[in-house]
Ligand SMILES: *Cc1c(COP(=O)(O)O)cnc(C)c1O
C-alpha cells in the first residue's frame, strides 16, 4: 500500500471489493423477482438480526431516524411529554421527539465515556418525563445500570439509540436487550451499513413490536385495510438482501475494529496531550468511531490533513446549542462537560479494512505533531 495515498475516515469501497460477489448476487436476486416492497428478504433479515442480538423481535424500517420515530410512537410519546437525551449526539436522536410534539430535555454526558450521565439526569426528571434515550455513542454502551435504575425509580421508558453500536455489549449482553425498545441505523458508514438508508427497531416486548409493525406500513392489516394511521417507513427489500449478505461478516468486522482500537491505544497512550477512549470494565465497545481528545484539536486536525489523513468531529455543536433547537432556550454554559468535550474531540480513521501500517503512520504523525 502507498502510505502517501490519502487515508479516509471511513472506506466503504475496499469493503465492497471483498464481498462484491455476495452483494451483487443478493441485488440480482431481488431485481429478478421485482419484489421491491415487503419482500421475503425483509423477514429473513429481521430474523437473522434478532438472532444476532438475541432479542425476540426485529422490525425493519427505512432509516435509523425512522426507527427512533416509530419506537417513540410505539411507546406512546406525544404532546407535552418530556424525553431526556444527551445533547452530545446526532440530531436524529432528538428530531422525532419534536415531530411527536414532545419536548427534548438535553442532559449532560460523563467526561470519560461521552455517554449520558445518569447522576445528572435525576434533577431533570419532572412529572412530565416519560422516557430516557441513552445513546451508545461511538459504539460504546452507555451506563445502562444507572439509567435502568433511574427508569425503575421514576417509571420511565427507555429507548436505546444503538445506531452506532451493532454488537456492542454491556455485561456480556448485546445492547438492544436493556431498554423497552431499541433503534439501530444501517446508514452506509455504520458498523453494519446498507447501500442506502435503512434501520431497524428491536424489542423483547411483543406489544411494542406489533405496534411498530403496523406503524411502519401504513397501519395496514391487509391490502387497503388500515387499522391505524401509520407511516410509509418500510425497510426496502434490496437493502434487506444487502444487509443479509453483510451480517455474517459483522462479528469479524467488529473484532477487527477492536484490534485497530487496541493498536491506536497502545501507540497513542504515551502522548501526554492525547486522551485515548475509555472503555469501562462492564462494556465492550465496537468502535464505530475512534475518538481522541486533545486541547490542540484544531491544529492537530489541520496537521493531519496536510499528511493525507482525514479526520472528523462527532459532533462539533451539541444539540442544546444548535439553531434547530433554539426554541428550547438553552444557552452556552448549560452543559459544561459537553461544551468542553466538543471542542477537544477528534475522530481518527476507523474501519475494519484499515491496515496496521496505516494506523502506525497516523500515530507517528500525531507523535510528530507534539514533539
Ligand atoms: C446515524 C445515527 C442516527 C440516524 O440514523 P439514520 O439511519 O442516518 O437515519 C441516529 N442516532 C445516532 C446516534 C446516529 O449515529
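So here's what we get for this one:
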{"quantity": "Candidate set: the stretch 136-153, residues that are in contact with a helix residue (DSSP H, G or I) (Cβ under 6 Å, 6 or more places away or on another chain) and within 16 Å of residue 177 (Cβ to Cβ); chosen: the one surrounded by the most Cβ atoms within 10 Å (Cβ to Cβ)", "calculated": "147"}
{"quantity": "Breaking point among (1) surrounded by fewer than 24 Cβ atoms within 10 Å (Cβ to Cβ); (2) more than 15 Å from the ligand (Cβ to nearest atom), for residue 188", "calculated": "(2)"}
{"quantity": "Helices (runs of 4 or more DSSP H) lying entirely in the stretch 10-87 (those with 2 or more residues that are in contact with a strand residue (DSSP E or B) (Cβ under 8 Å, 6 or more places away or on another chain))", "calculated": "40-53, 64-74"}
{"quantity": "Filter result for residue 338 (touching a residue at least 24 places away in the same chain (Cβ under 8 Å) and exposed (fewer than 14 other Cβ atoms within 10 Å of the Cβ))", "calculated": "no"}
{"quantity": "Filter result for the condition that a residue is assigned to a loop (DSSP other than H, G, I, E, B) and within 27 Å of residue 167 (Cβ to Cβ), over 260, 288, 249", "calculated": "288"}
{"quantity": "Residue in the stretch 170-179 that is within 11 Å of the ligand (Cβ to nearest atom) and either buried (at least 23 other Cβ atoms within 10 Å of the Cβ) or touching a residue at least 12 places away in the same chain (Cβ under 8 Å) (or both) present", "calculated": "no"}
{"quantity": "Among residues of the stretch 270-285, those that are part of a loop (DSSP other than H, G, I, E, B) and under 27 Å from residue 144 (Cβ atoms), counted", "calculated": "8"}
{"quantity": "Residue that is closer than 25 Å to residue 217 by Cα and out of contact with any helix residue (DSSP H, G or I) (no Cβ under 8 Å at 6 or more places or on another chain), where the choices are 53, 75, 9, 70", "calculated": "53"}
{"quantity": "Residues (within 11 Å of the ligand (Cβ to nearest atom) and surrounded by fewer than 24 Cβ atoms within 10 Å (Cβ to Cβ)) located in the stretch 195-223", "calculated": "196, 197"}
{"quantity": "All positions within the stretch 264-318 that are at positive phi and away from the ligand (no atom under 16 Å from the Cβ)", "calculated": "308"}
{"quantity": "Pairs where the first residue, in the stretch 64-75, is without any contact (Cβ under 8 Å) to a residue 60 or more places away in the chain and the second is more than 7 Å from the ligand (Cβ to nearest atom) and not in a helix (DSSP H, G or I), C-beta under 9 Å, 6+ apart", "calculated": "none"}
{"quantity": "Sole residue being crowded, with 24+ Cβ neighbours inside 10 Å and in contact with a helix residue (DSSP H, G or I) (Cβ under 9 Å, 6 or more places away or on another chain), chosen from 158, 133", "calculated": "133"}
{"quantity": "Qualifying residue in the stretch 158-166 (condition: under 30 Å from residue 32 (Cβ atoms), in contact (Cβ under 8 Å) with a residue 40 or more places away in the chain and either in contact with a strand residue (DSSP E or B) (Cβ under 9 Å, 6 or more places away or on another chain) or more than 14 Å from the ligand (Cβ to nearest atom) (or both))", "calculated": "yes"}
{"quantity": "Residue in the stretch 229-245 that is under 28 Å from residue 83 (Cβ atoms) and away from the ligand (no atom under 16 Å from the Cβ) present", "calculated": "yes"}
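Only the coordinates and a few stated rules stand behind these numbers; no lab work does. None of the values given here were measured: they were computed from a predicted structure. Ideal geometry is used to build each Cβ from the backbone, glycine not excepted, and the neighbour counts take in all protein chains shown.
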